[in-house]
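See below for the structure under consideration.
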């Protein structure tokens, strides 16, 4: 397949890291299906990708928490390309910030779990099925973990729990994918400058109770890392990668 245009699905592609990764893949010659809840945002991503020249970017509005919509997304990929070479499993939400454990509504907990964990599972499962059935067999799934897959921020129990679970999802997919040439890996990102992390530049709660401004990095740096992981041959895998703003409070956090 190296001589042919490879196909990728990027979830949460309407903004932030998902958009940056979709642009990087399209710029490198991949066919990219961009998925997310907001059709207008996806169209904007496709328009940005096409600004630099001819690209193959297809928008498929998708709620990753809906099994039927996820099934339809990957059916559209199969129909258009006949195969899938890459899933960047990126859709996610922080949920409400700054809420103590004892005050977190169950509905808020459930929403974060539905998007971050259940949505990631549904997309990985659908991608796995397609990659297993296609000829030649195989492909790569890159899960978007987080620094929070290693260490939590204060008052972030739902987000942190789902990102720890993402690591288990990655490991299980890696093991179960071996017989079918399905490689699975995880990128853990710290403080990429996106709409979701805008608060980092105005002050965010630290473990000692202070509010502090934190350094951020360009989301394009994350996209370059994902592109490197994606373009390795299936015989090689970056199992876990951590990409972070160099001086953010992670090493020694809290």
Counted residues in the stretch 15-42 being closer than 19 Å to residue 122 by Cα, in contact with a helix residue (DSSP H, G or I) (Cβ under 8 Å, 6 or more places away or on another chain) and part of a loop (DSSP other than H, G, I, E, B) come to 0
Here the residues within the stretch 218-248 that are surrounded by 19 or more Cβ atoms within 10 Å (Cβ to Cβ), at pLDDT below 95 and either out of contact with any helix residue (DSSP H, G or I) (no Cβ under 8 Å at 6 or more places or on another chain) or farther than 22 Å from residue 204 by Cα (or both) are 245
Meets criteria (without any contact (Cβ under 8 Å) to a residue 12 or more places away in the chain and either on the phi > 0 side of the Ramachandran plot or surrounded by 17 or more Cβ atoms within 10 Å (Cβ to Cβ) (or both)) for residue 53:
yes
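Answer yes or no as to whether residue 157 is touching a residue at least 12 places away in the same chain (Cβ under 8 Å), in contact with a helix residue (DSSP H, G or I) (Cβ under 6 Å, 6 or more places away or on another chain) and crowded, with 21+ Cβ neighbours inside 10 Å. Talk me through it step by step, then tell me what you get.
Numbers: touching a residue at least 12 places away in the same chain (Cβ under 8 Å): yes; in contact with a helix residue (DSSP H, G or I) (Cβ under 6 Å, 6 or more places away or on another chain): yes; crowded, with 21+ Cβ neighbours inside 10 Å: no.
For residue 157, the condition - touching a residue at least 12 places away in the same chain (Cβ under 8 Å), in contact with a helix residue (DSSP H, G or I) (Cβ under 6 Å, 6 or more places away or on another chain) and crowded, with 21+ Cβ neighbours inside 10 Å - is not met.
Conditions (1) surrounded by 15 or more Cβ atoms within 10 Å (Cβ to Cβ); (2) more than 16 Å from residue 219 (Cβ to Cβ); (3) in contact with a strand residue (DSSP E or B) (Cβ under 9 Å, 6 or more places away or on another chain); (4) at pLDDT 95 or above, marked per residue:
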{"position": "10", "(1), (2), (3), (4)": "yes, no, yes, yes"}
{"position": "40", "(1), (2), (3), (4)": "no, yes, no, yes"}
{"position": "46", "(1), (2), (3), (4)": "yes, yes, yes, yes"}
{"position": "59", "(1), (2), (3), (4)": "yes, yes, yes, yes"}
{"position": "80", "(1), (2), (3), (4)": "no, yes, yes, yes"}
{"position": "85", "(1), (2), (3), (4)": "yes, yes, yes, yes"}
{"position": "95", "(1), (2), (3), (4)": "yes, yes, no, no"}
{"position": "106", "(1), (2), (3), (4)": "no, yes, no, yes"}
Going through the stretch 83-112 in order, the residues found to be farther than 24 Å from residue 226 by Cβ and assigned to a helix (DSSP H, G or I) are 101, 102, 103, 106, 107, 108, 109, 110, 111
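Would you point out which residue out of 22, 75 is surrounded by 21 or more Cβ atoms within 10 Å (Cβ to Cβ) and either farther than 24 Å from residue 237 by Cα or under 18 Å from the mean Cα position of the chain (by Cα) (or both)? Spell out how you get there, then give the answer.
Details: 75 fails: surrounded by 21 or more Cβ atoms within 10 Å (Cβ to Cβ).
It is 22.
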Has the stretch 43-62 got any residue that is more than 23 Å from residue 225 (Cα to Cα), part of a loop (DSSP other than H, G, I, E, B) and in contact with a helix residue (DSSP H, G or I) (Cβ under 7 Å, 6 or more places away or on another chain)?
yes
Residue 147 meets each of (1) out of contact with any strand residue (DSSP E or B) (no Cβ under 7 Å at 6 or more places or on another chain); (2) surrounded by 15 or more Cβ atoms within 10 Å (Cβ to Cβ) with one exception, condition (1)
Filter the stretch 168-196 for residues that are in contact (Cβ under 8 Å) with a residue 60 or more places away in the chain and in contact with a helix residue (DSSP H, G or I) (Cβ under 8 Å, 6 or more places away or on another chain); which is surrounded by the fewest Cβ atoms within 10 Å (Cβ to Cβ)?
195
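The values are calculated or read from the model by the stated rules, or taken from the named source; none is laboratory data. Please read all numbers here as calculations on a predicted model, not as lab measurements. Every residue, glycine among them, receives a Cβ derived from its backbone with ideal geometry; neighbour counts consider all protein chains shown.
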